[in-house]
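A quick write-up on the structure given underneath.
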Amino acid sequence: MTQYTWGQLDNSIATKLLKVVFSFYFLVTITVTLIHMSAEYVHTQDTVVEELKVIQQAFESGLTQAAFDLNVEQLKPTLVGMVQLPSVVGVKLENEYGEVVGALGMIRESESSTVLTDEKGVKLPMKSMTGLFWHEFPLMYERSERVIPVGKATIYSSSAIVFNKVQLGFTFIVVNSIIKTLALWLIFLWVSRALLSRPLAVLTEAARQVELDNLEHIRVDTQVKGQNELKVLEKAFNAMIRKLGFSRNALQTSYQRLETLLHGTQDIAAVHDRFHAMTQATNLLLLQIPFKACRSAQICFLETGSNNSEGYACFNINIKLTELSRPALQLDSVKDLEHFFSLDLPERLPPLPTVPYAIFEHVLYVPLFQHDRRLLGLIKIQEIDELGFQLENQYVVIMLTQFLSAFLENLYFTQQLERKVAERTQELQGAMQKMKSQNEQLKETQMQLVQSEKMAGLGVLVAGVAHEINNPTNFVHSGANNLSERITKLEDFIYKLAGDDISPPIREALSQKFSPVHQNLQAIQEGTRRIKNIVQDLRMFSRLEDAEQTTSFVVEGLQATLTLVKSNYKNELEFICDFQANPKMRCWPAQLNQVFMNLATNACQAITIRKKQKFPGYSGRLTVSTFWQKELFAVRFKDNGCGIPDDVKKQIFDPFFTTKPVGEGTGLGLSISFGIIEKHRGRIEVESLWGKGTTFTLLLPVEN
């Protein structure tokens, strides 16, 4: 046996290990000692704080009385007595306004300064760190069942007092740690050299001599008595030498198996679908594992069904013998194979041990998992020879399983990526279609705005036409009145010429001649009067002369607007007007008339919709009223139409939102009305019940 010197032992890994262990032990000892000292310090500090609380109980009543009486002379002896206590370095007393009325000793004057106050009140700044900590409590004076806050008191202590209390304990802790560390170091170092370092040196020398050519001649003897770790290591080393010999003999066989496996994995990597990859892997397994008799195999792999649902495609394949009497898959007609699609595996997997396969009742199960343990496929081969299934067969199955799992996972992700690309492409097409639809909507909106400008121009035209119609209407109306008067005078003149001798038949004949003329003149007068009223309502509604803000009676425009609306719905519903308020206010009359027109038209349309539903006894009714609500002028449109659903109510003022069919509404009426009322510094309130009716209330401020 080779002899080792102490210098060689000092360089051994065992000695270095001991040094590292004791270095960590030394650090742990220092850490534990510091923690022990810190805990002792914190405990002592907490004890000092408790003493300060006891001092509070002893002096609180005197401090409270002195603070309440503002008796500084009574306060000084109390402060002196408190500072003389061993745990107190200073006392500060403040009144209820935060002003210091008494202080003595070392106190904290602000967040960054500490002062030393003597009995005369002279303050000396403290430059060094004082380590102050304190206990603060309020002073509450009880009088006639009342508690009066008179201030607060602060008792100060310092870390110097705490250190004085723990100084002796710190010394004992440090000395104790040093003695234990040195003693344990010396004892453990001496014992470890005899029991560990020398046997490890023997094992190291034997390891240096290991070569594949002389494995039969190597044997290690550490001369260690008893069964301990070194003896176990010696036996394990000798067993390892024997196993190396066996492994050397098996290298050639393993090399051949690995070469076959390599070519098989290359063939698998050359295919591009799951079915052929699974069949190639099954063929490779049949060449590497022992059988009793060969009958059939089953392969299953994750696939997407016809309805885009994921499941497992399963194939039952016959096995035949090749020229080398090895089993192989019979794939002469793949289309005629028995196969089926299932959302889950056709049978439950047996429990898997530590290896990624299972042999149960002479059946080999090789599941193929994704990295997140999702099952990608399964190979099932029957009639396996369990007794002949050796370690090298296990390695082949494990390696093939890992490779095939990675290949199927990569193939699965590739197909998923292609599917996502197709989905994203479809989404982009949908987005483009949506943009196209939005573009068409913008064009439609543009047309609506153009139509709105046309309507504004039409309003100008209507006002002009109304003016031009008004003049000839006045001519016709005045002429009809004059003609009626002249014909009456002519009739009287003829009767006077005839005198009293005119016969009744002649008088009756004259009367029949003049009567149609009077009736026609009355019809002309009634028609011209109606034309004048219509022209007046049109001019009141357009109010082009009121394009700027002006002062006017709002109810006049409201009445004119309702007159125009009634002409379209006079046979559909009942109009009820209740005008209790008619203030003269500054406004934009034409814009308010537009709001009145929008609300009244919407109410009439809602009543018409409900009327089409043909409810028994239903009668449409629109009530328009004006009144005062506190200091606001209110205009209310209340109908008993179809109402507004709750999910639609919050969107009615959004631009272009409408529930009407395409072409029947722009969705701008209520949005424009909302903007006009806001322009008048007012608001619109909406109350509606689906199937019951809707109430719009306009609230407008009126300047005095």
task = Evaluate the range 678-693: report whether one residue or more is at pLDDT 90 or above, on the phi > 0 side of the Ramachandran plot and open to solvent by 40 Å² or more (accessible area, probe 1.4 Å).
result = yes
ask   = In the range 605-654, which residue that is in a helix (DSSP H, G or I) and touching a strand residue (DSSP E or B) at 6+ places or on another chain (Cβ under 8 Å) is surrounded by the most Cβ atoms within 10 Å (Cβ to Cβ)?
value = I607
query = What number of residues within the range 108-128 satisfy the criterion of being surrounded by 10 or more Cβ atoms within 10 Å (Cβ to Cβ), among the β-branched types (V, I, T) and assigned to a loop (DSSP other than H, G, I, E, B)?
reply = 0
note = Output for Cβ contacts, cut-off 6 Å, separation at least six or different chains, first residue of a type in the set (F, W, Y) and modelled with pLDDT of 85 or more in the range 123-146, second open to solvent by less than 60 Å² (accessible area, probe 1.4 Å) and not in a strand (DSSP E or B), reads F137/Q56
task = Would you check if there is a residue in the range 586-598 being assigned to a strand (DSSP E or B), within 27 Å of G675 (Cβ to Cβ) and touching a Lys or Arg at 6+ places or on another chain (Cβ under 6 Å)?
result = no
query = With respect to S511, is the statement that it is modelled with pLDDT of 65 or more, open to solvent by less than 60 Å² (accessible area, probe 1.4 Å) and assigned to a strand (DSSP E or B) true?
reply = no
inquiry  = Out of the residues in the range 573-585 meeting the condition of being in a strand (DSSP E or B) and open to solvent by 70 Å² or more (accessible area, probe 1.4 Å), tell me which one is nearest to T561 (Cα to Cα).
reply    = E574
remark   = Condition set surrounded by 14 or more Cβ atoms within 10 Å (Cβ to Cβ) and over 57 Å from the mean Cα position of the chain (by Cα), scope the range 170-188, selection farthest from V88 (Cα to Cα): answer is F188
request  = Answer with yes or no whether M82 is out of contact with any Asp or Glu (no Cβ under 8 Å at 6 or more places or on another chain) and under 30 Å from R143 (Cα atoms).
outcome  = yes
task = Starting from the range 19-36, keep only residues that are of a type outside the set (K, R), then list their pairs with residues that are exposed (fewer than 11 other Cβ atoms within 10 Å of the Cβ) whose Cβ atoms are within a distance under 8 Å, requiring at least 6 positions of separation or different chains.
result = none
ask   = In the range 497-508, how many are surrounded by 13 or more Cβ atoms within 10 Å (Cβ to Cβ) and either touching a Cys at 6+ places or on another chain (Cβ under 6 Å) or under 24 Å from N482 (Cβ atoms) (or both)?
value = 0
message = Go through (1) among the polar types (S, T, N, Q); (2) free of Cβ contacts under 8 Å to residues at least 12 places away in the same chain; (3) not in a helix (DSSP H, G or I) for S87 and report which single condition fails.
response = (2)
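The values are calculated or read from the model by the stated rules, or taken from the named source; none is laboratory data. Everything numeric here is computed off the predicted structure, so don't read it as measured data. Don't worry about glycine lacking a Cβ; one is built from the backbone with ideal geometry, like all the others, and counts go over all protein chains shown. Side chains included, ligands, DNA and RNA excluded: accessible areas come from the protein's heavy atoms. Shrake-Rupley method; radii C 1.70, N 1.55, O 1.52, S 1.80 Å.
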